[in-house]
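Everything on this sheet refers to the single structure shown next.
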């Protein structure tokens with residue numbers, strides 16, 4: 001497994017074209033891998049925009065990528081392009097009871113069954129309280145809890161709430177994607193389950209830049 005970071009130049013037209021469509025961004029990420037690479041559908045990616053003139057691409061993949069094309073289109077000509085590092089050392093270091101600062105861009109949804117239909121329809125989870133409940137359920141399923149902070153509320157917050165619209169690649173209709181970014185502190189309860197979440201993602205819309213959870217040591 002590899003973890004890759006690539007700074008993108010938000011002032012370039014090529015970057016703006018990619019950012020405007022998660023579908024195009026996904027295609028640009030996949031272009032960094034050979035067509036016969038196994039598990040192409042399990043490649044995770046996320047765009048972070050921590051500052052006005054800063055845009056960071058993160059990728060988790062089984063194979064090491066080569067982003068020359070992406071660098072030509074959206075990179076910084078005077079800065080290092082991308083950096084990949086083995087992910088296994090971090091994955092192997094996880095132990096029950098550890099606390100990590102986490103960041104997750106997700107597509108929280110719930111299933112609503114319409115009358116006369118056998119299958120439910122996915123609808124976005126609205127409201128901070130319900131989104132936090134969604135996060136806690138995901139944590140229970142993926143090997144972590146979010147410990148209580150002030151006033152015993154979960155030590156996490158929604159730092160970004162976005163609605164994106166873009167046309168499908170086939171040109172048949174428009175996709176509306178509602179995403180939120182969770183940031184906070186988690187505690188490991190099941191290291192194996194959390195390892196799987198780190199490499200396979202959490203929640204739907206992974207092809208559109210959701211599901212990649214990253215960890216950092218608390219300061």
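Where a number appears in this text, it was derived from the coordinates with a stated rule and is not lab data. Treat the numbers as computed from the prediction; the structure is a model and nothing was measured. Note that each Cβ is placed from the backbone with ideal geometry, even for glycine, and that neighbours are counted across all protein chains shown.
Values for this structure:
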| quantity | calculated |
| --- | --- |
| Per-q log10 I(q)/I(0), region 138-219, q = 0.14, 0.22, 0.27 Å⁻¹ (Debye; single scatterer per alpha-carbon; no solvent) | -0.59, -1.12, -1.39 |
| Hydrodynamic radius (Kirkwood) for region 1-123, which is based on Cα pairs only, to one decimal in Å | 16.7 Å |
| Ascending count of other beta-carbon atoms within 10 Å, so fewest first, for 76, 100 | 76, 100 |
| Within the chain, helix-based [θ] at 222 nm, where runs of 4 or more DSSP H residues each add -39,500 (n - 2.57), nearest 500 | -7000 deg cm²/dmol |
| Per-peptide average of other Cβ atoms within 10 Å, ordering 29-35, 91-97, 205-211 highest first | 205-211, 29-35, 91-97 |
| Distance cut-off 29 Å, percentage of C-alpha pairs in the chain lying past it | 28 percent |
| Inter-centroid distance (Cα atoms) of region 140-219 relative to region 1-53, Å | 17 Å |
